[in-house]
Amino acid sequence: MDIRCSFCQTPYTLSRVAMLDALQEVDSQNLTHYDAHCPRCRRATRIPRQRLEMAMPNWREELKQFEKEMKEHPQQEAPLPTAETTPVDESAATPEAAPAKKGATKAKPTATPAESKPKTASRQTTPSADTKKSNAKKTATKGTSKKSK
């Protein structure tokens, strides 16, 4: 059954097994609709019971047939993933010393002059130029307003 999400407009389908599960749930709980969850946004889209039954009119017989198939060909559950050990070089295998305190951090490596890039001439300022600029701003705004000029 093809469905379009009401919220993100993503088209998706309900498989035969999902349809049978939906019809079983709707029938057992006497619901008027089934909530199909969108694979993209995970929001529920309501599907009316009548639409489900129109898509699979003989669902009770198909459910019995599906259960019969599952008894004839049982499927094993997928094994749980195990932590696989992979060979790792020794330098990565040795753990680094943990900091003593919770808030403590590792010491940052200091940059050497050869590694650091020199500043361009346009960005360098002298200390006297910085004070002249700050003094000029203070004196320009002192006691006079822009409207009076």
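The values are calculated or read from the model by the stated rules, or taken from the named source; none is laboratory data. Just so we're clear, the structure is a prediction, and the values are computed from it rather than from any experiment. Because the Cβ atoms are built from the backbone with ideal geometry, glycine has one as well, and the counts that use them run over all protein chains shown.
Working carefully through the options Ala36, Ala44, Ala18, find the one that is modelled with pLDDT of 90 or more and in contact with an Asp or Glu (Cβ under 6 Å, 6 or more places away or on another chain).
Values: Ala36 fails: in contact with an Asp or Glu (Cβ under 6 Å, 6 or more places away or on another chain); Ala18 fails: in contact with an Asp or Glu (Cβ under 6 Å, 6 or more places away or on another chain).
Just one listed residue meets the conditions, Ala44.
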Members of segment 27-68 that are within 20 Å of Thr10 (Cβ to Cβ) and assigned to a loop (DSSP other than H, G, I, E, B): Cys38, Pro39, Arg40, Cys41, Arg42, Arg43
Search segment 15-50 for residues being closer than 10 Å to Met1 by Cβ and without any contact (Cβ under 8 Å) to a residue 40 or more places away in the chain, and hand back the single one that is surrounded by the fewest Cβ atoms within 10 Å (Cβ to Cβ). Ser15
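In this structure, does Leu80 turn out to be assigned to a loop (DSSP other than H, G, I, E, B), loosely packed, with under 10 Cβ neighbours inside 10 Å and among the aliphatic types (A, V, I, L, M)?
On the way: assigned to a loop (DSSP other than H, G, I, E, B): yes; loosely packed, with under 10 Cβ neighbours inside 10 Å: yes; among the aliphatic types (A, V, I, L, M): yes.
Yes; evaluated as a whole, the condition is true for this residue.
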Return the residues of segment 1-14 that are in contact (Cβ under 8 Å) with a residue 12 or more places away in the chain and touching a Lys or Arg at 6+ places or on another chain (Cβ under 9 Å); say none if nothing qualifies. Met1, Cys5, Ser6, Phe7, Cys8, Thr10, Tyr12
Whichever residue in segment 1-14 is part of a loop (DSSP other than H, G, I, E, B) and of a type in the set (A, V, I, L, M) and, among such residues, is surrounded by the most Cβ atoms within 10 Å (Cβ to Cβ): Leu14
